[in-house]
Amino acid sequence: MSKKIQIAVVGGGAAGFFAAIHASGPESEVHLFEKSSKLLSKVKISGGGRCNVTHRPMETSSLVKNYPRGEKFLRKVFPSFTSRDTMDWFESRGVPLKIESDGRVFPVSDNSQSIIDALIKEADRLKVNIHLRSGIDRLEINDSGQFMLTLGQEKRIFDRLIVCSGGFPKRSGFEFLDSTGHQVVDPIPSLFTFNTPGQAIRELMGVAFPDGQVKLAGTKLSYRGPILITHWGLSGPAVLKLSAFGAKWLFKQQYQAEALINWNAAFGEEEYRSHLKDYGLKHPRRQALKHPLFEVPARFWEHLCEIAEIKEGQIHAELSKKQINRLVQNLFCYNLPIHGKTTFKEEFVTSGGISLDGIEPTKMESKYHPNLFFAGEVLDIDGITGGFNFQAAWSTGYLAGKAAKHHT
Ligand SMILES: Cc1cc2nc3c(=O)[nH]c(=O)nc-3n(C[C@H](O)[C@H](O)[C@H](O)COP(=O)(O)OP(=O)(O)OC[C@H]3O[C@@H](n4cnc5c(N)ncnc54)[C@H](O)[C@@H]3O)c2cc1C
């Protein structure tokens, strides 16, 4: 019997498990090395403990738009393993999934453990050798193109290597990969909320706007979606999306910026103005403060009236031009200074990582070293919140695993 191909997978997260599972087969022996004492620890805490495993199935051309970094590269990745495939994969392994109204996909159990159990069970069935507390300290490539891994005092040699070591907040986290010659794009945070210290608006924490638009002043970056006022500032999907697409710009500005907010994106500036005028003509004797308009929450409407210096009891017919202008200005383009950011607890990622220039996207193989593969967040790929980060991990893990098994 010929010797089995020895495949090592570095990292026991989502990408590492998917790569190891798909690298398994009668001709390969797969070893997965995880430096910590726990497997799939990010899956466990993901999506607030529910694991937003992917996003509603969609065309590749739409799916890739959710990745501030990696869009072009993923156009060649996703056709091989889509969000539909992710759903089928888990459901056929006994994990029923549900699609929520905003497109996020969760296990019906609302418990990330269901996802973990399915992955571990499959890896066991395929006889993946799992090594916990086995951090790879060093990686060398010998003259015959094999991979020598150093784990503490031990050295092990493999024919093929799949690196799925995840993102690191600092460049030093990638140092063990320096010998591969792959370039690393400096890591910076993505997916965070905005701090607005000292702003009166924070008194309104908990107030939500289902369809707003947030823009970063001085840029073309502008995103529509739900907005939430928190006790430290601004959050919600529109803000998180802006933080992801604006991650590099905001990092350069050291998170000092100005958000311009339209609280109901169904209205433009002129529409706000004309609706206010019509309302005033129809209901001249109604008290402005008591009748919130444009579907904004009553507490927020009172805040806008306060800025416009509209007094208790003042009726629409008595509103001055200046007061109307102020209302319109703050409904359409509320200016909120941002000073700093806060980690979004339900999901966060680092942008940056191994540069995509050195990777062949249909196999996830290194362009510099045959038999070396990368998958998951270790790459310079990151998505917005909504299941897109896991989808990138499943798709790249699948491709890397398959290619490592079949590669000649
Ligand atoms: C709180 C939180 C919630 C999230 N929720 C969601 C969500 O609901 N939906 C979504 O799509 N995304 C979510 N994400 C993002 C998602 O978890 C990651 O994008 C995804 O886990 C990346 O998978 P990975 O396998 O590439 O990396 P990781 O999950 O980070 O796994 C990498 C593994 O490699 C190990 N490792 C590193 N270096 C070495 C080494 N030298 N030797 C051996 N092992 C090593 C690490 O210990 C780690 O276990 C969330 C992230 C966080 C932090």
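Derivation of every value follows stated rules applied to the coordinates shown; laboratory data play no part. If you're wondering where the values come from, they're calculated on a predicted model, not measured in any experiment. Every residue, glycine as well, gets a Cβ built from its backbone with ideal geometry; the counts of neighbours run over all protein chains shown.
Assorted remarks:
- Choice from 315, 162, 261 showing the highest fluctuation, given a GNM over the chain with Cα pairs closer than 10 Å: 315
- Site pair residue 406 and residue 140 shows an inter-label distance of 3.4 nm when each label is modelled 7 Å from Cα along Cα→Cβ.
- Full extension of the chain between residue 368 and residue 80 gives 101.4 nm of extra length, using 0.36 nm per residue less the Cα-Cα distance.
- Karplus-derived 3J(HN,Hα) values for segment 108-116, using 6.51 cos²θ - 1.76 cosθ + 1.60 with θ = phi - 60°, are 4, 5, 6, 9, 4, 4, 4, 5, 4 Hz; glycine and proline are entered as x.
- For segment 192-343: relative contact order, % (alpha-carbon pairs under 8 angstrom, 6 or more apart): 31 percent
- Paramagnetic reach from residue 131 (point 7 Å along Cα→Cβ, amide N under 12 Å) across segment 1-43: 7-11, 30-35
- Amide proton proximity set for residue 97, modelled H, under 5 Å, gap of 5+: 108
- Rounded to whole numbers, the Karplus 3J(HN,Hα) couplings from phi for segment 83-94 are 5, 4, 5, 4, 4, 4, 4, 6, 5, 6, 10, x Hz, using 6.51 cos²θ - 1.76 cosθ + 1.60 with θ = phi - 60°, and x at Gly and Pro.
- Computed 3J(HN,Hα) for segment 375-390, one whole-Hz value per residue from the Karplus formula 6.51 cos²θ - 1.76 cosθ + 1.60 where θ = phi - 60°, is 8, x, 5, 4, 7, 7, 10, 8, x, 7, 6, x, x, 6, 5, 5, glycine and proline marked x.
- Of 339, 275, 131, the one that fluctuates the most in a GNM where the chain has Cα springs shorter than 10 Å: 275
- On full extension, the segment bounded by residue 287 and residue 120 gains 53.9 nm, given 0.36 nm per residue less the C-alpha separation.
- For segment 47-63 versus segment 269-304, the gap between their alpha-carbon centres in whole angstrom: 38 Å
- Near the amide H of residue 233, within less than 5 Å, lie the amide hydrogens of 196, all on another chain or at least 5 residues away, with H placed in the peptide plane.
- In segment 317-404, GluC sites (Glu not before Pro) in a DSSP loop with at most 16 other beta-carbon atoms within 10 Å: 346
- Helix axis angle, 269-282 relative to the chain longest principal axis, alpha carbon, degrees: 40 degrees
- Over all directions, the projected convex hull of the C-alpha atoms in segment 81-141 averages 6.7 nm² in area.
- Volume in Å³ per residue [convex hull over Cα atoms, computed for segment 293-377]: 201 Å³
- Förster radius 25 Å - calculated FRET efficiency between residue 278 and residue 202 (Cβ-Cβ, nearest 0.05): 0.15
- Taking all pairs of distinct alpha-carbon atoms in segment 192-343, Kirkwood radius in angstrom: 15.9 Å
- In the chain, Cα pairs under 8 Å separated by at least six residues give a relative contact order of 25 percent.
- Distance between modelled label sites at residue 4 and residue 111, nm, 7 Å Cα→Cβ extension: 3.2 nm
- Where the alpha-carbon atoms of the chain are placed on the principal axes, they occupy 93, 42, 35 Å, in descending order.
- Highest-first arrangement of 219-228, 351-360, where packing means the average Cβ count within 10 Å: 351-360, 219-228
- Put simply, the amide H of residue 227, placed in the peptide plane, has neighbours under 5 Å in 209, 211, 212, leaving out anything fewer than 5 places away on its chain.
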